[in-house]
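Q: The structure's right below; bear with me while I get my questions together.
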Amino acid sequence: MDWTTIMLTASLILNAFLINIIAQQAKDMSALKRKQLHTEPIVQDAEFHASIKEKIDTIGVIPTVKFLRETYDLSLLEAKQLVDRVNEKE
């Protein structure tokens, strides 16, 4: 083996190791974010409630659930329950 092959192999192994670390940290951050959302109530004020109600009236229930899932990293059940609570109050 020449040095070029050895260096390329070492570089590939190092890159794979670093990508694995980055992926694990991203997973940990997602878990911490989800844990924070579970400990802090999402609906904190009437203004937030009103914005969700406006979004429901504008784009509908299903797109609002999708929006909440993407924006606040909620599960499908959590987003649906939030939309249902807002609809019940109005």
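The values are calculated or read from the model by the stated rules, or taken from the named source; none is laboratory data. Quantities reported herein were computed from a predicted structural model and do not represent experimental measurements. A quick note on method: Cβ atoms are made from the backbone with ideal geometry, for glycine too, and the neighbour counts reach across all protein chains shown. Note: areas computed on protein heavy atoms with side chains; ligands, DNA, RNA excluded. Shrake-Rupley method; radii C 1.70, N 1.55, O 1.52, S 1.80 Å.
Q: If you scan the stretch 40-57, which residues turn out to be open to solvent by 100 Å² or more (accessible area, probe 1.4 Å) and at pLDDT below 90?
A: 44, 47
Q: Shifting gears a bit: Any residue at all in the stretch 58-79 that is farther than 22 Å from residue 30 by Cβ and among the basic types (Lys, Arg)?
A: Scanning the stretch 58-79 turns up no residue that is farther than 22 Å from residue 30 by Cβ and among the basic types (Lys, Arg).
Q: If you don't mind, there's one more thing I want to ask. Look at the stretch 65-82 and say how many of its residues are over 12 Å from the mean Cα position of the chain (by Cα) and at pLDDT 90 or above.
A: Total meeting the criteria: 2.
Q: Then there is this: So which residues in the stretch 58-90 are open to solvent by 80 Å² or more (accessible area, probe 1.4 Å), of a type outside the set (Asp, Glu) and either in contact with a helix residue (DSSP H, G or I) (Cβ under 6 Å, 6 or more places away or on another chain) or not in a helix (DSSP H, G or I) (or both)?
A: Result: 69, 80.
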